[in-house]
1. Out of the residues in segment 216-245 that are charged (D, E, K, R) and in contact with a strand residue (DSSP E or B) (Cβ under 7 Å, 6 or more places away or on another chain), which is nearest to LEU286 (Cα to Cα)?
2. Answer yes or no as to whether SER41 is surrounded by fewer than 18 Cβ atoms within 10 Å (Cβ to Cβ) and in the same structural domain as LYS139 (by TED's automatic domain parsing).
3. How do the pairs read when you match residues in segment 242-261 that are crowded, with 18+ Cβ neighbours inside 10 Å with residues anywhere that are of a type in the set (Lys, Arg), using Cβ under 7 Å and keeping only pairs 6 or more apart or on different chains?
4. How many residues are at pLDDT 90 or above, polar (S, T, N, Q) and out of contact with any strand residue (DSSP E or B) (no Cβ under 6 Å at 6 or more places or on another chain) when one looks only at segment 304-333?
5. Within segment 134-153, can you find the residues that are touching a residue at least 40 places away in the same chain (Cβ under 8 Å), assigned to a helix (DSSP H, G or I) and within 22 Å of GLU294 (Cβ to Cβ)?
6. How many residues are out of contact with any Leu (no Cβ under 8 Å at 6 or more places or on another chain) and not in a strand (DSSP E or B) when one looks only at segment 1-12?
Amino acid sequence: MQILTFIQFYIPGYKSGGPVRSLSNIVKLLNNHFKFSIFTSDRDFSDFVKYTGVKSENWNYFPTQKIYYSIANISSVLFFLCKEHNRQYDILYLNSFFSFRFSIIPVIYFSLFKPTTKILIAPRGEFSEGALRLKLFKKTIFIFLFKNFYEKLNIYWHSTSKLESHDISRVFKKDLNSRFNPNLFIAPNLTDIPSKRFDGRHTLDSILKVTFISRINAKKNLLFALELLTNIDLSIEFTIIGPIDDLSYWNKCKRIINKLPKNISVVIKKPIDHDRIIKEFSMYDLFLFPTLGENFGHVVIEALSAGTSVIVGEKVPWPNCENGTLTKLELNIKVWKKSLLTWYDAYQRNVMEFRNNAYNYALRNQSSNEDLLLTKNMFNSFLSLDTSDTNI
């Protein structure tokens, strides 16, 4: 089966976060069953320099996939589609709904010139309430303009959880009283936890080491974490790692950083590549992640697999852990302060028990053979469907 995939950023990139991991894990674990051809940018998120060692505007062949790296402006996307016009693909697999170049243009092109190709869209959390609140007016207009068009096409959706299925159905139902639900498959994100465990910390220092590792924008909500720390009496070294997605938002964060009390020190590091992320996490006691919502949250499972406890916003698919190594909370400063102090009181008495519990939680929640089969069956089932009369 030939699957043509569009994604804005892909390996060797790592700065754009979860979608890269989601797709690369699918390819890594299922390349023996499907042939993946991937169109993506020739540079990482926020970078002006192209990747080294790859050919731009051409196919690059790897053992598990072939990747077409491009400057990815509108003309280069159209050039690629025309160039590939005579090649037969069974499925067009898109990793965004809102991306004009990496989703809308391919959908329009295939609907006009290759209407028999089945289209599968993985919105990667774009329809969560938290994500939609950001740039709400623009996204509302976008959905309004393309909703009716999409309903006439043979488009299906790849949802990775019941929560995301609800989000997709909420956005694409025809009206508030409609029973209409879009056609979708549910197949969970696949994880790839390394067999090697990094035990970076065995005892608690006089200073609690806390980190935030993610893109710096309103959705990831670093500002909330900084405001929380203005009210904490503990001695904390807070390390921020991640690309700046929104400069004005980062400037707001810096204003809070400059006003933090003396018991809170802040370290700012450059983004680190994915191969070093778990080792980096192992250096910290706690990962604060007050996200407005995540489709999956690869960074959560990566922190836990390093033995690092996590306090996270409630709009993530991960279940709470009774032993306190993962705690989901509503975004309320008082609630977070109480939870942080409660966690610290227990953590300082038995650091290694907490770290072992975190690692074991990650192992229990890594992808199973059943998860792998669900993803495999999604592609096979979708290909076998007769979608010619389907209206979503």
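The values are calculated or read from the model by the stated rules, or taken from the named source; none is laboratory data. Keep in mind that what you see is a predicted model, and the values were worked out from it rather than measured. Here the Cβ positions follow ideal geometry from the backbone for every residue, glycine too, while neighbour counts run over all protein chains shown.
1. Applying the first criterion (charged (D, E, K, R)) to segment 216-245 yields 219-220, 227, 233, 237, 245.
In the following step, the residues that additionally are in contact with a strand residue (DSSP E or B) (Cβ under 7 Å, 6 or more places away or on another chain) were identified as 237, 245.
Numbers: GLU237: 11, ASP245: 23 Å.
So the residue we want is GLU237.
2. Details: surrounded by fewer than 18 Cβ atoms within 10 Å (Cβ to Cβ): no; in the same structural domain as LYS139 (by TED's automatic domain parsing): yes.
Criteria not met by SER41.
3. Close Cβ pairs satisfying both conditions: GLY242/ARG215; PRO243/LYS15; PRO243/ARG215; ASP245/ARG215.
4. The initial filter retains those residues of segment 304-333 that are at pLDDT 90 or above, namely 304-314, 325-333.
So of that shortlist, the ones also polar (S, T, N, Q) come out as 305, 308-309, 325, 327, 332.
Next, only the ones that are out of contact with any strand residue (DSSP E or B) (no Cβ under 6 Å at 6 or more places or on another chain) stay: 305, 332.
Qualifying residue count for the region: 2.
5. Residues of segment 134-153 touching a residue at least 40 places away in the same chain (Cβ under 8 Å): 134, 139, 142, 146, 150-153.
If we keep only those that are assigned to a helix (DSSP H, G or I) as well, we get 139, 142, 146, 150-151.
Correct list: LYS139, PHE142.
6. Qualifying residue count for the region: 4.
One line per residue, one yes/no per condition, for (1) in contact with a Ser or Thr (Cβ under 8 Å, 6 or more places away or on another chain); (2) at positive phi; (3) outside the structural domain of HIS274 (by TED's automatic domain parsing):
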position: SER46; (1), (2), (3): no, yes, yes
position: VAL49; (1), (2), (3): no, no, yes
position: GLY53; (1), (2), (3): no, yes, yes
position: LYS66; (1), (2), (3): yes, no, yes
position: SER99; (1), (2), (3): no, no, yes
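Conditions (1) in a helix (DSSP H, G or I); (2) at pLDDT below 95; (3) of a type in the set (D, E, K, R), marked per residue:
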| residue | (1), (2), (3) |
| --- | --- |
| SER76 | yes, no, no |
| PHE79 | yes, no, no |
| TYR93 | no, no, no |
| ARG101 | yes, no, yes |
| ILE105 | yes, no, no |
| SER111 | yes, yes, no |
| GLU126 | no, yes, yes |
| LEU132 | yes, yes, no |
